[in-house]
Each structure stands twice: as structure tokens, then as C-alpha cells.
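The values are calculated or read from the model by the stated rules, or taken from the named source; none is laboratory data. As the structure is a computational prediction, the values presented were derived from the model and not from experiment. Every residue, glycine among them, receives a Cβ derived from its backbone with ideal geometry; neighbour counts consider all protein chains shown. Heads up: the accessible areas ignore ligands, DNA and RNA and are worked out on the full protein's heavy atoms, side chains in. Shrake-Rupley method; radii C 1.70, N 1.55, O 1.52, S 1.80 Å.
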Amino acid sequence: MTRLFAFVCGMVFCACGLLPGAEPTRAGRRLLPVPELQADPRIPTLKKVAGHDWGQEITSHAEMERYLKALVKAAPDRAALVPYGTTYEGRTLYYLIIAKPEHLQRREQIRTANLQLADPRSLPPEQARRIAAEIPTLIWLAYAVHGNETSGTEAGLLTAYHLLADRRPETQKLLDNAVVLIDPLQNPDGHERFVNVYRETRGVFPDAEPLATEHTERWPGGRFNHYLFDMNRDWFLQSQRESQAKVAAYLHWQPHTYIDAHEMGHNATYFFSPKADPVNPFFLPQQIETLDLLGRQLAQRFDDRGFVYTTREMFNAFYPGYGSTWPNFQGGLAHLWEQAGVRGLEIRRDDEQTLHFRDAVLHHYVSSLVAVEFAASHARRLVDEFYEARRRSIQLGHDGPVRHYFLPPGKSPQRAANLAELLLNNGVEVRRVTKSTKGDTTEIRTGETRRRQIPIGSFHVPAAQPASRLVRVLLDRQVDMEPDFVQRQIRRQAERFPDEIYDVTAWSLPLAFGVDCWSSSAPLEAPGDPWDGARPAGQVVGGRAKVAYLITGHDGALTALCSWLSQGLRVHVADRDFRMGDDEYPPGTLILRAAENPPTLHAVMQQAAREFGLRIRASDTGLVSAGAQLGGPNVKWVRPPKVAMLVDRPTSYAAGHTWYLFDQVWRYPVTRVAASNLSRLNLHDYNVLVLPDGDYGGREGPGESDVGRLRQWISQGGTLILVKRAAAWATQKPASFLSVQKKTKPAVKPAAEQPAAEPAAASPPADPAPGGFLAAKVFREHWLTFGCADGIDVFYRGNVILTPPDASQGRGLVTFASASQVLASGFCWPETVDLIAETPYLIHEPLGTGHVIAFTDDPNFRAMYPATQRLFLNAVLFGPGH
């Protein structure tokens, strides 16, 4: 009997529950692993440690943790467990190293040798060839970045068991050429949210009904982490601590292969790379070829086992923030898997088949073994291609159209430093200019090329470095999708088919941060030193103030303001600019009067200067030489905000992004209130209310009585902040908080022969913009635009397009440019561009003594856009006092 025939027979017996000695499960079937495994009894099974078998139960984080430790205890010569981070809810992130004893013992030597390969500049070719021939390939298997995609975690544990327990020579031989790193659960917080709801709602028998409570997740579901971020979009942003830890661990090893295992809808089958178009142009041809080779090997194994699958027709490879794209720009090879998800133990599909959890686990488990086999059998190729990819990235910096990038401090030195630090965290080399130099440079945003003075303190990112392709992807203004793909989307739109754009089409970090970025194609010299992230300390200038401390209102000052308000200090803000001596102070300058604050104020200012990098001016006089007087009507008290924000249905999960910014960036308290409790909320305990994006027009939205209470609260001084679809809701009855209207496509005119009695078709909404940057003009004579330049690039995704407000009722403070100039980066439908041109992004309308503030898109989306986050924070901090 052949091994294949034995396996098939085993699976048949397994399906019938007839294997001798098999324990019955709820479904009456034997579970995993596959029968050909020759298990070492010294290696514990999951059931022995956690009390359930693979695929029989959804393993919790605590159970997974116990099992990983049990594996290492049973095989300390072949397995090591590495805690690499902690989630916001205090759970530990782990990866498990599996290697043969010789490799495990010298794993640090292997790692450092691989990092030598990662920088070909410091390695003679002969030495590089020797290292590449000697070290094993490194393969990283990562599962469950989305917490409710549970089959991956089980498959990761089962793969670890298989590699450690299987005594067959063919399995043991795999570790001759490969070191395997397994991260079975990247999102423990979301996973536990899902597991808890599932265990609370299930019955004695698994229910395959898709609408059964055990398949129905409560808001916001387990996909997201604690702050409701989709961490498969966070690789280069690294806003979340889990992502920061994961990327640091990745860069610590620089694996040659990275497997990104997911789940999709239960009516799907199984997907693996190659992905669909568009493919990011900074992928290398050799990477695409090797990805295809691995895909073919997976297809062959799936064919052998009768598994159904698809490839190429889903999940593009364009956005650089996925686990299946970002590693490619580092020189590795990232492969995506998507298994139809069960979200329980079994679920009925639309084709009247039942999908079982154990089958989902089996598919990921088999894929994992194939990936390890592929890595082991192609070890030399994978190591060589990694080295070659890093070498070619360096060469791109010499031969490509960009040789240097510079981030001058400009008017936003803290944002420039924050962007430079983010590049460092992505494994990018950054230098600090120590001697001013001149060179021909091109402004990333405008495309203007001229000779510029590059000032001391500018951040210099040389393109000739091993991460050059990632540098280009993150700093260029535009990364183009293939023209054929774009034209196909336009045709599909015209024919009313859904588009095939999977995520956003633009992400340029200089535009997102709102900082100057100059590129240069010239081989210019820029004297400087490597930058390690250290920043100059702030200072209090002028000693102890007799009258006041003055702080120009850049981003760091607003974070400090949040701290000062939390401490109970009294702060004022200048609505107009003023001059004091030789110093100019713009609108938004913060003022702390010595007489109104505790005697410890000077020490607080010194601490704030150090902590937030501020230059604080101590003044012994209140007399200004021009502009707003410190005691005049143009200096307002910053009334401490008391902030509430709606969450839960009908709000979007993106409410978590704003919550994260309040908690972790601004460090200012916000009360999160379930939308269903709005009618019970005492609004007068708060002076700011945030309505995040959500479907407020449905039955779960505010009713007429809530609207009446809100209107009264605003008129008595409340600040209502409306985001995206909340702003659209506010234009309609019964809300009508805004005087503007939502723009739609032109109404369809009836045909000439159509009877007059038949009404014309309703005007359809604009086709949603798929996510790009739009140029906008800023009205700077308003407190909502403190700290902004005359122009801003707004990230826009959706179709909330509002008409400009009447001047007698409000003002558009940030307004999109004309149709010919509005698209700054990315792609947008031509009709949508025409509709959105010259419409407002940020609207302010007074109501009584309060404010209605509306954003037509989420300024805090993915916590990615400091330029628009500033507008939102202005609304929160300065609304109550104006």
C-alpha cells in the first residue's frame, strides 16, 4: 500500500469515525493530525496539555501558551520559545524556534551571519557566497493577525508538534536546511474577544446555521486588536505595539520566507499566492517567480489530497502594509494563504456543504508543511535570492531616478523627526545632516525641481541602502498601479460591476505627515552622521517667568497641553499672531500665566520642555509690540474638554483609532458610550461629543428625542464633532445640524418618450473614492486650523461629499482644490473627482454658543495622518473655549 493510498484510506476512515481507538468528538469523527505521522510519545499532544485535540476546540491564548511551553520542555534541544512583545491587554506574544540541535545551539551565530548577508555593502562577495552556502534558510510561519481567524493558530501548534514529534526521516531531514520560526497567534486580544463570545454562546452541539449566535460576533468582533486596528494594515505604520514588536522581531532575524496565514468568508475555499493585480512595481521579478514556484508546489499537494483552492484572482499585492507585501521590500519572500473561515466548529455554506473547523485546520497545516518542505528543498535558492534582493536594492539607489531623500525640519520639526523615526523602525537607515549643503532637489508633493539649501539638522535618507525599495515605496509621492488594471477598473465602473481595488491606492508618508520631503537624482555630498533616534532636548528660555510662559502651538505643544489640562493648569491660546521683542508668535500660541497657576509652574515647564521637546519662552512682561495682547479679547481661556465619544453599533470599528489616539498619543481621557445609551447620557457632564463614522440613519441611530437633546446641548455651548457618515447624517432630517447637503451624481433624466407621470430616477451617490490624497486649501484665520499651512493633503476614502456652506451659516475651513489639481496621490474615479472638487473637507457651523464641526472623512483613520489629526485635536481642545 502506498503512502498516498494509506493517507486517503486514513482520511476516509477518519471521516466515518472508524479508526480503531479513536475517541469520538461532538461530530463523531477522529481529528488531526494526518495518519502518516509517526509520533514520538515524549512530545505532548495538544489534548494532553489543553484537554482538547486539534480542531476539536478553539484554543485560547492561555492554552496555547501552556502548550508552547510544554513543547519546549519536552524538546529543549530542538525548540526554544521567545517572548517578543506584550499586547495592550497584557498578553504575551511568542514565536517558537524549531531547529535541529546543532542549529538551535548556534542560532545566534546563524542569525548574525544572516544579518551580514542583509547588508552586502560590508561583505566581500566571496565571503557572502560562503555564508550563503553554510547557513540554513529561515522560514517564519505567522498566523491569526486577525483574532477571529482561528484555524491558523491551531495549524501553527499542530505544525510545531509535527516537526518535533514525527520520527520519520523525511520530516527530520527538513531541519537540516531550515530553521523554522512559528508565531501561532499575532493578535491575542482580538482572539480572546472572539473565543469568549464563542464559548458563551455555543450549545452542547455545534450549530452549522450561519446566523446561530455562536457565529454572530458582538461589536466590534475579534478581527481587530484592543484599539480596533486591522494589524494586517499596520506593518509600515507600526501604530500598534503588537506591530512594533513583530516588525522588530522580523528585523532581528530577517527571514528569507514569511508565511502570512489568514481566513476569509465561509463560502470561499482556499487561496494562496500569487496574488491578483495590481502588483507593487517594487516587487522583484525573481520574487514573483519564486512565489509562483511555491504556489505550484502547494497546488500539487492540494490536488493530491483533493483540496479545492484558487489563486491569482483575489487579494492584490499593492499596498505595502500587509504581512504578505512588506517583507518583500526587505528582500524576503512573503506568501499569503486564505482559508474559508468557520468562526466556530462547523458552518453551512451556500452550496449546502458543511465546512468543519478541523478541515480548515487541516488545510493550513498541510500548507505549513509544504512551505517548510519548499524552504528546505530550495534553501540555497532562497538564501541567495535574499542576498541578491538586498544587493539590488543598494544598486537601485545608485542607478535609479532617486539617490537621496531629505526631510528638512521646516515648520514642523517634530513631525519630520517622527517620520524619520518611523523609517528607522522599518529598518531604514537615516542620517542627520551636520553641514549645510546645496543641491538640485525635487519637492515630493509639488514636483518642483530647483536648487535648494539643505539645512543642518535635516534628515537624510540615502537611497543606496539594502532597504531602498521600501524607502521608495514609502517616500515617493506616487506608486502607480498598472495602466491596464486601472483601465479595467474604469470599464467595470462604467458597466456597474464592483471594482477590484482591495485597499487604499496611496500612502505617501510625507503627504500623510504633512512635511516637506525633497528627493535628488544628483550624486551630491551631504555631510552627516547616522541618526539613532536621539532628539535635542527642549528648553525653557529666559529663566523663571514673572508673567507668562509662551509656547508656539506645534504638535508637541498640543500633546503637552493635554497633559497640562489633565494636571489642572490654566492655559490660554492666542487667536491672532503677536510679536514680543524679536520673537514672532503665530495663532495657536499657548500661554500659561504665572499668577493663575501653582508656584510649581516653572518646574512643570522644565519637565514639559524635556518630555515633549518644546522651546518655551519665559516672559517677564505682558506687553506685546504688535498683534494680540496677552490680556485682550484675542486670547482665549482653553476650557478643559470633557469628552464623550459614541462607540458600538452603529459606529464603525474605526472609532477605535480615535480612542487609541486619545489613550496612547494625546494621553487625554475620553468617555466611550455605547450609542444605544445616548438617550440616557447626561450631556451636560460633557462639553465635547464625538460621533465617529457610522450608519446613524438606521434604526440603531439617534432618534428624534436624542436629536432634540443634542441641539439644546450644542446651543448651550457644546461642541459636536461629526466624522464621515455622521456628517452626512447631520445634513438630513431629523438631525439637520448642518445647513449643507450631500452631493450625488447628476440625476438621471427621463427619456423623451417616458410618460410625464413617471418620476426621474433618484440621484445615485458618488462612487466611493478608493483611498488617496486630495489637495486642499486651508482657511487659516480660524482656531480649527491652528498649526496648519496654507495647503494640506487630505487622505480621503468614501463618498461623503458635501456642498459648501452658506457664508451666513458656516464656513468650509479646509476645501478641496479644483478638479484639475485635486488628486495629489493615488487613484480616484473621474466622476468622483469632479464631484468632490471645491467642496469642503472640514466645516464649522455655530449653533447658539456651541459648535457643529464636520469632517467628510475620518482624520484619524489608521492613526496614519498627523496632518489631519491636528485638525481633529484642535476641535477637541479649543472648541469648548471659543
Which of (1) crowded, with 16+ Cβ neighbours inside 10 Å; (2) of a type in the set (A, V, I, L, M, F, W, C); (3) closer than 30 Å to residue 393 by Cα does residue 115 not meet, given it meets every other one?
(1)
Within the set of pairs 6 or more residues apart or between chains, which connect a residue that is more than 14 Å from residue 264 (Cα to Cα) and at pLDDT 95 or above inside the range 341-359 to a residue that is surrounded by 14 or more Cβ atoms within 10 Å (Cβ to Cβ) and basic (Lys, Arg) with Cβ atoms less than 7 Å apart?
354/348
Being at pLDDT 95 or above, more than 32 Å from the chain's Cα centre (by Cα) and open to solvent by less than 10 Å² (accessible area, probe 1.4 Å), is that true of even one residue in the range 50-70?
no
So, in the range 136-150, of the ones that are farther than 22 Å from residue 81 by Cβ and not acidic (Asp, Glu), which residue ends up surrounded by the most Cβ atoms within 10 Å (Cβ to Cβ)?
146
Are there any pairs with C-beta distances below 9 angstrom linking a residue in the range 677-692 that is more than 21 Å from residue 877 (Cα to Cα) and free of Cβ contacts under 8 Å to residues at least 12 places away in the same chain to a residue that is assigned to a loop (DSSP other than H, G, I, E, B) and open to solvent by less than 60 Å² (accessible area, probe 1.4 Å), with the two at least 6 apart or on different chains, and if so which?
677/648
Subset of the range 443-459, residues surrounded by fewer than 16 Cβ atoms within 10 Å (Cβ to Cβ) and touching a Lys or Arg at 6+ places or on another chain (Cβ under 8 Å), comes to 447, 451, 453, 456
Residue 245 out of contact with any helix residue (DSSP H, G or I) (no Cβ under 9 Å at 6 or more places or on another chain), open to solvent by 10 Å² or more (accessible area, probe 1.4 Å), over 20 Å from residue 500 (Cα atoms) and of a type outside the set (S, T, N, Q)
yes
Keeping to the range 40-68, report how many residues are closer than 27 Å to residue 355 by Cβ, touching a Pro at 6+ places or on another chain (Cβ under 8 Å) and not in a loop (DSSP other than H, G, I, E, B).
3
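Going by the structure shown, is residue 618 of a type in the set (Gly, Ala, Ser), touching a strand residue (DSSP E or B) at 6+ places or on another chain (Cβ under 7 Å), touching a residue at least 60 places away in the same chain (Cβ under 8 Å) and over 24 Å from residue 879 (Cβ atoms)? I'd like the intermediate steps shown before the answer.
Values: of a type in the set (Gly, Ala, Ser): yes; touching a strand residue (DSSP E or B) at 6+ places or on another chain (Cβ under 7 Å): yes; touching a residue at least 60 places away in the same chain (Cβ under 8 Å): yes; over 24 Å from residue 879 (Cβ atoms): yes.
Criteria met by residue 618.
Taking the condition touching an Asp or Glu at 6+ places or on another chain (Cβ under 7 Å), over 25 Å from residue 804 (Cα atoms) and either at pLDDT 90 or above or not hydrophobic (A, V, I, L, M, F, W, C) (or both), does residue 750 pass? Talk me through it step by step, then tell me what you get.
Working: touching an Asp or Glu at 6+ places or on another chain (Cβ under 7 Å): yes; over 25 Å from residue 804 (Cα atoms): yes; either at pLDDT 90 or above or not hydrophobic (A, V, I, L, M, F, W, C) (or both): yes.
Spelling it out, residue 750 is indeed touching an Asp or Glu at 6+ places or on another chain (Cβ under 7 Å), over 25 Å from residue 804 (Cα atoms) and either at pLDDT 90 or above or not hydrophobic (A, V, I, L, M, F, W, C) (or both).
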When residue 755 is run through (1) open to solvent by 80 Å² or more (accessible area, probe 1.4 Å); (2) of a type outside the set (Val, Ile, Thr); (3) at pLDDT below 70, the failure sits at (1)
Counting only residues in the range 470-487 that are under 24 Å from the mean Cα position of the chain (by Cα) and of a type outside the set (D, E, K, R), the one surrounded by the fewest Cβ atoms within 10 Å (Cβ to Cβ) is identified as 478
Which numbered condition in (1) open to solvent by less than 20 Å² (accessible area, probe 1.4 Å); (2) not in a loop (DSSP other than H, G, I, E, B) is the only one that residue 545 fails?
(2)
Filter the range 488-537 for residues that are open to solvent by less than 80 Å² (accessible area, probe 1.4 Å) and among the aromatic types (Phe, Trp, Tyr) and give the result.
507, 513, 518, 531
Hits in the range 617-630 - residues which are touching a Lys or Arg at 6+ places or on another chain (Cβ under 9 Å) and either open to solvent by 80 Å² or more (accessible area, probe 1.4 Å) or assigned to a loop (DSSP other than H, G, I, E, B) (or both)
620, 621, 622, 624, 625, 628, 630
Considering only residues that are in a loop (DSSP other than H, G, I, E, B), surrounded by fewer than 24 Cβ atoms within 10 Å (Cβ to Cβ) and touching a Ser or Thr at 6+ places or on another chain (Cβ under 6 Å), which ones fall in the range 840-868?
848
Mind checking which residues of the range 324-344 are open to solvent by 10 Å² or more (accessible area, probe 1.4 Å) and within 10 Å of residue 151 (Cα to Cα)?
343
Identify, please: which residue in the range 782-812 is within 20 Å of residue 876 (Cα to Cα) and without any contact (Cβ under 8 Å) to a residue 40 or more places away in the chain and is, among those, surrounded by the most Cβ atoms within 10 Å (Cβ to Cβ)?
812
Yes or no: the range 680-696 includes at least one residue that is open to solvent by 10 Å² or more (accessible area, probe 1.4 Å) and among the small types (Gly, Ala, Ser).
no
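If I go through the range 115-166 residue by residue, how many of them are closer than 30 Å to residue 265 by Cα and not β-branched (Val, Ile, Thr)?
Just the residues of the range 115-166 that are closer than 30 Å to residue 265 by Cα, to begin with: 139-163.
Filter again for not β-branched (Val, Ile, Thr), leaving 140-144, 146-149, 151-152, 154-158, 160-163.
The number of residues fulfilling the criteria is 20.
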Run residue 563 past the list (1) free of Cβ contacts under 8 Å to residues at least 12 places away in the same chain; (2) surrounded by 15 or more Cβ atoms within 10 Å (Cβ to Cβ) and report the number of the one that doesn't hold.
(1)
Give the residue that is surrounded by the fewest Cβ atoms within 10 Å (Cβ to Cβ), with candidates limited to residues of the range 86-100 that are farther than 22 Å from residue 161 by Cβ and out of contact with any Pro (no Cβ under 8 Å at 6 or more places or on another chain).
90
Give the range 307-316 a look and list any residue that's open to solvent by 60 Å² or more (accessible area, probe 1.4 Å) and either assigned to a helix (DSSP H, G or I) or on the phi > 0 side of the Ramachandran plot (or both), or say none.
312
What pairs come up if the first residue lies in the range 457-469 and is touching a residue at least 12 places away in the same chain (Cβ under 8 Å), the second is open to solvent by 10 Å² or more (accessible area, probe 1.4 Å) and of a type in the set (Gly, Ala, Ser), and their beta carbons are under 6 Å apart, counting only those six or more places apart or on different chains?
460/526; 460/528; 467/427
Determine which member of the set 174, 163 is open to solvent by 10 Å² or more (accessible area, probe 1.4 Å), within 22 Å of residue 327 (Cβ to Cβ) and part of a helix (DSSP H, G or I).
174
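Out of 329, 282, 318, 271, report the one residue that is over 24 Å from residue 464 (Cα atoms) and not aliphatic (A, V, I, L, M). Give the steps one after another, and end with the answer.
Numbers: 329 fails: over 24 Å from residue 464 (Cα atoms); 282 fails: over 24 Å from residue 464 (Cα atoms); 318 fails: over 24 Å from residue 464 (Cα atoms).
Matching residue, one of 329, 282, 318, 271: 271.
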Pick from 775, 761: which is among the hydrophobic types (A, V, I, L, M, F, W, C), surrounded by fewer than 21 Cβ atoms within 10 Å (Cβ to Cβ) and at pLDDT below 95?
761
